[in-house]
1. List, in order, the whole-Hz ³J(HN,Hα) value for each residue of the range 31-40 obtained from phi through the Karplus relation with A = 6.51, B = -1.76, C = 1.60 and θ = phi - 60°; use x for Gly and Pro.
2. Where in the range 47-91 is the amide nitrogen less than 17 Å from a point lying 7 Å along the Cα-to-Cβ axis of residue 38?
3. Quick one: angle between helix 124-134 and the longest Cα principal axis of the chain, in degrees between 0 and 90, rounded to 10, please.
4. Could you give me the ³J(HN,Hα) list for the range 93-105, computed from phi with Karplus coefficients 6.51, -1.76, 1.60 and θ = phi - 60°, whole Hz, x at Gly and Pro?
5. For residue 38, give me every one of the lysines with a C-alpha distance below 18 angstrom, ignoring sequence neighbours fewer than eight places off in its own chain.
6. Taking the Cα atoms only, what angle lies between the long axis of helix 156-166 and the longest principal axis of the chain, rounded to 10 degrees?
7. For 110, 207, which order do you get if you count the other beta carbons within 10 Å of each Cβ and list the fewest first?
8. Figure the gain on full extension for residue 215 and residue 160 (residue separation times 0.36 nm, minus the Cα-Cα span) and round it to one decimal in nm.
Amino acid sequence: MSVTSRSTVALLVDAGGVLFNNVTEESRFIEILAARWKIGQQDLLVALDSLDAAYETDSEDVIDVLRKIVCAAGGRSLTDGDARWLEETYGEQVTSIAPAFEALAAIRVDHPTVSLVLANNEARRWDMVKNARFGHFALFDRIASSWAVGLVKPEPEYFKAVGRMIGMPLSSTILVDDNPDVLAEAGALGMRTVRVIDRVWPKHELDEAIATVQNIESTR
Ligand SMILES: [Mg+2]
């Protein structure tokens with residue numbers, strides 16, 4: 001599937017807190033990793049946060065980043081077995097938000113000219129694990145996760161790069177995200193924004209935003 005010339009609106013959709021839980025913050029993932037390598041849970045979290053741009057832009061594999069963190073914290077060296085275990089453990093800690101999956105599938109039927117674009121800050125490896133388990137890539141016309149773009153939200157350059165990627169002006173895009181800071185940056189660039197609160201899919205606000213952008217486009 002691709003963004004077609006009939007597309008008048010593009011919906012950029014976040015994943016953490018929108019389609020899935022936020023694994024690092026909302027699951028036992030960090031706790032389980034820290035226990036395996038006998039390192040401090042808080043130290044691991046802080047180190048991972050400080051290096052997130054490296055793996056979210058795909059300049060480094062998240063497993064190589066973890067290898068360095070564990071080594072620096074005095075843990076043992078990570079093996080290939082650890083890499084497989086990490087993917088399995090991550091997969092076990094991801095939960096999907098089914099109503100959001102259903103809502104996106106419905107948009108494809110109800111609004112066939114709306115392009116659906118995955119716009120998540122994520123490590124390539126974790127996005128692949130999620131897709132193998134839940135198949136979320138199939139909901140979208142384009143995958144514009146940070147690892148695919150090489151930039152992260154909320155950098156203005158990220159949004160501009162996604163606009164170029166899909167061949168649409170940012171004024172024709174709507175961002176669905178749960179992070180108010182990210183939404184504010186997108187709004188400053190002229191994008192429409194719809195906030196997800198407490199994992200509730202914002203159907204009404206989104207339908208309004210789609211109608212607004214479509215009306216603007218049709219009067220051009
Ligand atoms: Mg999020």
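Bear in mind these aren't lab numbers, they're just calculated from the coordinates by the rules spelled out. In this text the structure is predicted, and so the values were computed from the model without any measurement. Note that each Cβ is placed from the backbone with ideal geometry, even for glycine, and that neighbours are counted across all protein chains shown.
1. 4, 5, 5, 4, 5, 4, 9, 6, 10, x
2. Residues passing the 17 Å test: 70-79.
3. Tilt of helix 124-134: around 70 degrees.
4. Ordered by residue, 3J(HN,Hα) equals 8, 7, 10, 9, 9, 4, x, 6, 4, 5, 5, 5, 4 Hz.
5. 68
6. For 156-166 against the chain, the angle is about 60 degrees.
7. Values: 110 11, 207 14.
The order, fewest Cβ neighbours first, is 110, 207.
8. 17.5 nm
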